[in-house]
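What follows is one structure encoded as structure tokens, with my remarks underneath.
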Amino acid sequence: MSNANPPATFEAFPRRDGQLHVEQVPVADIAEAVGTPAYLYSAGALEAAHDGLAGAFAGRPALLCYAIKANMNLAVVSLLVRRGAGVDVTSGGELFRALRAGADPARIVYSGVGKRDDEIRAALEAGIKMFNVESRAELRHVDAVAGALGVRAPVAFRVNPDVDPKTHPYISTGLKTSKFGIPIGEATAAYAEAKALPNVDVRGVDCHIGSQLVSIEPFADALALVRDLVVELRAAGHAIEVVDVGGGLGVTYAEEVPPSPTAYAAAVTGAVGDLDCEIVVEPGRSIAANAGIFVTRVLYQKGSDEKHFVIVDGAMNDLLRPALYGSYQRVEPVGPARAGVRKVDIVGPVCESGDFLAKDRSFPSVEEGDLLAIRSAGAYGFAMSSNYNGRPRAVEVLVRGDRYEVVRERESLEDMIRGERIPQEL
């Protein structure tokens, strides 16, 4: 695959002669070759999303650390790292993936409320940029592990500003009722403790208030508090060099109109740009979501006067967001729309009433064997998938121009039981 730059405006999923494509490749051709369900990603769309945000911060001391939890496929991460991205990780497994994908450890930040000692050790041995510490108890563990290794650990505290991001409660992380970070009112005491420890270096302040934010105001409100905190900490003798503003920039799933990268960057730099700090940004969803689709095939239909079901071969184990969050993702036929529209539930084979991909959706008529595409599936799609109901996880495909490549094979039945054993003497 070439590394040609995508155009400034990039159409990842065009229709030609009524057929949905990924870049220049018909979706139906890929589905015929690799089967369904399948995740299909546009390399050009990933690059365009990254470049749009990077360009908005151009000329400023900023580091974009891709939040790998959104889509951790090695091909996706490698593509973004080669584009210039750092990586935000939240576990030892994500750290392993980031390094395997070629990420520079000095451009990796490590977030997450429950870092184990072995994960802390691995990050220190790799030489990451910074830990975003989320509790004073964690701070002491970082200090102890660093001491055992004879190194100093670079840290920032994730502070919780108690700002309502006005998003789904499951992805709100900046309220005082959240498990994330430390209350901003306790920050000065936490930083004083960190300064007194022998094996940590205080580098910065971190704040991440939630995901899928479609308004500038929550960002601005939170960062105004962070700015005041940085001034206070510096006055107390802390050398604050980094402000990590988190991620959370929303995308369009239905009718949302999230802030543009330019507006977002202006809000960030307007709040903290005069602090002479490096700004770390952790985009995830805004990079990957609309660069991917989930493709599934119609198996059956059934219904009554009250409800009509379109049963497909994709399910909640493959794409969890609709069942978990009640979230909306646009669904469309891969081929030309058939005549007639009716209200349907698009559901999968899993034995749960919560196994749906769309509910009460006005949709063109379909027939068995038709392919459907679910949009905005590049983030939190495959990454949240599972083997529930004994279902192998889907294949992942990366497309560039008129070429495509399988970047994760579909799991086999043997793959699902690898590592299991039936005891002979118990």
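The values are calculated or read from the model by the stated rules, or taken from the named source; none is laboratory data. If you're wondering where the values come from, they're calculated on a predicted model, not measured in any experiment. Quick reminder, even Gly has a Cβ in these numbers, built from the backbone with ideal geometry, and neighbours come from all protein chains shown.
Which is without any contact (Cβ under 8 Å) to a residue 40 or more places away in the chain and more than 25 Å from MET316 (Cα to Cα), of LEU99, LEU80? Write out each step before concluding.
Working: LEU80 fails: without any contact (Cβ under 8 Å) to a residue 40 or more places away in the chain.
Of LEU99, LEU80, the one residue that is without any contact (Cβ under 8 Å) to a residue 40 or more places away in the chain and more than 25 Å from MET316 (Cα to Cα) is LEU99.
The residues of region 345-367 that are out of contact with any Leu (no Cβ under 7 Å at 6 or more places or on another chain) and part of a loop (DSSP other than H, G, I, E, B), listed by number, are PRO349, VAL350, CYS351, GLU352, SER353, GLY354, ASP355, SER365, VAL366, GLU367.
Which members of region 359-408 meet the condition of being of a type in the set (Gly, Ala, Ser), within 17 Å of ALA31 (Cβ to Cβ) and out of contact with any Gly (no Cβ under 6 Å at 6 or more places or on another chain)? Scanning region 359-408 gives GLY369, ALA373, GLY381, ALA394. All conditions in (1) under 30 Å from ALA33 (Cβ atoms); (2) of a type outside the set (A, V, I, L, M, F, W, C); (3) not assigned by TED's automatic domain parsing to the domain that holds PRO364 hold for TYR300, with the sole exception of (3).
Taking the listed residues GLU414, GLU405, GLU425, the one that is of a type in the set (Asp, Glu), exposed (fewer than 15 other Cβ atoms within 10 Å of the Cβ) and in contact with a Leu (Cβ under 7 Å, 6 or more places away or on another chain) is GLU405, with no other qualifying. Quick one: which helices (runs of 4 or more DSSP H) lie wholly within region 1-90 and hold at least 1 residues that are in contact with a Ser or Thr (Cβ under 6 Å, 6 or more places away or on another chain) and closer than 15 Å to GLU282 by Cα? Passing ranges, in order: 43-56.
Looking only at region 256-281, how many residues end up being part of a strand (DSSP E or B) and either touching a Cys at 6+ places or on another chain (Cβ under 9 Å) or under 30 Å from VAL344 (Cβ atoms) (or both)?
Applying the first criterion (part of a strand (DSSP E or B)) to region 256-281 yields 278-281.
Subsequent filtering for residues that are either touching a Cys at 6+ places or on another chain (Cβ under 9 Å) or under 30 Å from VAL344 (Cβ atoms) (or both) retains 280-281.
Residues that pass the stated criteria total 2.
Looking across GLU332, GLU367, GLU306, one residue alone is free of Cβ contacts under 8 Å to residues at least 12 places away in the same chain and farther than 30 Å from THR90 by Cβ. It is GLU306.
Only a single criterion out of (1) within 20 Å of ALA49 (Cβ to Cβ); (2) under 18 Å from the mean Cα position of the chain (by Cα); (3) at pLDDT 95 or above is not satisfied by SER327, namely (3). The residues of region 234-255 that are in a loop (DSSP other than H, G, I, E, B), without any contact (Cβ under 8 Å) to a residue 60 or more places away in the chain and either over 18 Å from the mean Cα position of the chain (by Cα) or not assigned by TED's automatic domain parsing to the domain that holds PHE219 (or both), listed by number, are ALA236, GLY237, HIS238, ALA239, ILE240, GLU241, GLU255.
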